[in-house]
Amino acid sequence: MKKLLLIAIAIVLASCKAEPKDYVTLSGKITNKYGDNIVIRTREFSKTIPLNEDGSFSDTLKVKAGVYNLFDGNESTNLFLKNGYNINLTLDTKEFDETIAYTGEGAESSNYLAKKTLLEEASLTPGLLDLEEDKFKAKISEIKVSFSELLNNSKNLDSIIVANENLNLEKMEEGLLAIYNQQKAMASQFEKFVGQPSPTFVNYENYKGGTTSLSDLKGKYVYVDVWATWCGPCKREIPFLKEVEHNYEGKNIEFVSISVDNGRGFKGETQEEKFAASKEGWRKMIADLEMGGTQLFSDKAWESDFVQGFEIRGIPRFILIDPNGNVVNANAPRPSSPKLIELFNELNI
């Protein structure tokens with residue numbers, strides 16, 4: 001009788017046991033929200049989650065376990081989602097990568113990805129590509145150790161993350177060396193522009209009002225930054241560019257930033273509406289980041305004569321033009337690279 005009673009109790013308990021969730025719950029709060037929603041996406045998946053007035057949100061998603069991208073209309077980050085998880089995130093868009101944090105069931109893998117992003121920003125700087133090859137190889141070996149330590153010191157990671165990251169570590173040095181060699185090949189590709197008259201831009205909308213043409217700047221060196229509001233590497237150069245601008249204030253050089261925003265990442269029913277929204281986003285970012293120099297909006301984005309003339313296929317791209325309108329360097333050092341100041345010193349700017 002006692003045995004039958006125990007079996008009956010076991011059956012009742014089993015029948016009351018909650019079924020595992022076949023979805024992930026994602027909630028959180030975004031301080032200084034950029035737009036009215038966020039998008040969780042991969043190449044095969046996309047879901048838009050509306051934000052409340054205070055930046056809070058909550059939703060459920062049925063997902064295939066893996067890394068997803070969160071996009072707030074301005075910046076993005078990666079997180080790991082798996083059905084059954086219950087994750088809460090917080091971030092402040094004023095310091096997007098620095099403030100993002102996750103709590104709740106399954107949060108460990110996403111926190112690892114957030115820390116990895118900060119490590120990438122700190123160690124994989126454009127200045128790496130300026131090193132001589134032997135020094136470059138030694139540096140990336142050192143960087144690989146840092147990434148390996150981060151992975152090994154992170155606990156409770158999903159097995160998918162661990163497997164992917166170990167594979168990435170195996171390929172890291174080979175991949176970075178390929179980028180290094182590609183950059184060196186690219187440098188020689190742009191030598192044909194040196195000493196030649198620069199492709200021009202005419203009557204580009206100026207953030208401060210009116211329009212500006214390259215001919216208006218004749219008599220000065222012109223350092224051009226071709227960028228877009230959605231471009232992460234472009235935005236990482238902005239603090240360095242502001243510092244260089246400050247140090248060369250009053251010198252015979254004009255710092256010009258040309259946006260090639262064309263509606264990417266902005267809402268609108270038509271391309272014209274997206275383009276108009278992107279222009280407003282451009283203005284907002286300049287104000288929010290207190291960007292200096294001469295801020296211009298390209299007339300035809302990637303199809304403009306200036307962009308096409310310099311064969312620009314990726315951004316950011318930096319160009320130096322001399323006071324006579326001739327090209328000094330069609331693929332100039334980035335503001336974050338010490339080689340830029342070396343170049344300016346050679347020219348006695």
Going through region 44-72 in order, the residues found to be in contact (Cβ under 8 Å) with a residue 40 or more places away in the chain and part of a strand (DSSP E or B) are G66, V67, F71
Residues that are free of Cβ contacts under 8 Å to residues at least 60 places away in the same chain and open to solvent by less than 60 Å² (accessible area, probe 1.4 Å), drawn from region 73-88: T77, L79, L81
Please verify whether region 315-337 includes one or more residues that are over 13 Å from S257 (Cβ atoms), assigned by the TED database to the domain that holds E205, touching a helix residue (DSSP H, G or I) at 6+ places or on another chain (Cβ under 7 Å) and among the hydroxyl-bearing types (S, T, Y). yes
Assess whether I160 counts as being modelled with pLDDT of 95 or more and among the β-branched types (V, I, T). yes
Give region 89-98 a look and list any residue that's in contact (Cβ under 8 Å) with a residue 40 or more places away in the chain and surrounded by 15 or more Cβ atoms within 10 Å (Cβ to Cβ), or say none. L89, T90, L91, D92, T93
Condition test on S58, is it open to solvent by 40 Å² or more (accessible area, probe 1.4 Å), farther than 17 Å from W230 by Cα, among the hydroxyl-bearing types (S, T, Y) and in contact with a Ser or Thr (Cβ under 6 Å, 6 or more places away or on another chain)? yes
Search region 183-204 for residues that are open to solvent by 50 Å² or more (accessible area, probe 1.4 Å) and pair each with any residue that is part of a loop (DSSP other than H, G, I, E, B) and charged (D, E, K, R) when their beta-carbon atoms are under 9 Å apart and the residues are at least 6 apart or on different chains. Q189/E311; V202/D299; N203/D299
Can you tell me which residue among S148, S154, S215 is within 30 Å of K279 (Cα to Cα) and either open to solvent by 70 Å² or more (accessible area, probe 1.4 Å) or touching a residue at least 12 places away in the same chain (Cβ under 8 Å) (or both)? S215
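The values are calculated or read from the model by the stated rules, or taken from the named source; none is laboratory data. Please read these numbers as outputs of a predicted model, since none were measured by experiment. No Cβ is skipped: glycine too gets one built from the backbone with ideal geometry, and neighbour counts run over all protein chains shown. What goes into the accessible areas is simple: the full protein's heavy atoms, side chains included, and nothing from ligands, DNA or RNA. Shrake-Rupley method; radii C 1.70, N 1.55, O 1.52, S 1.80 Å.
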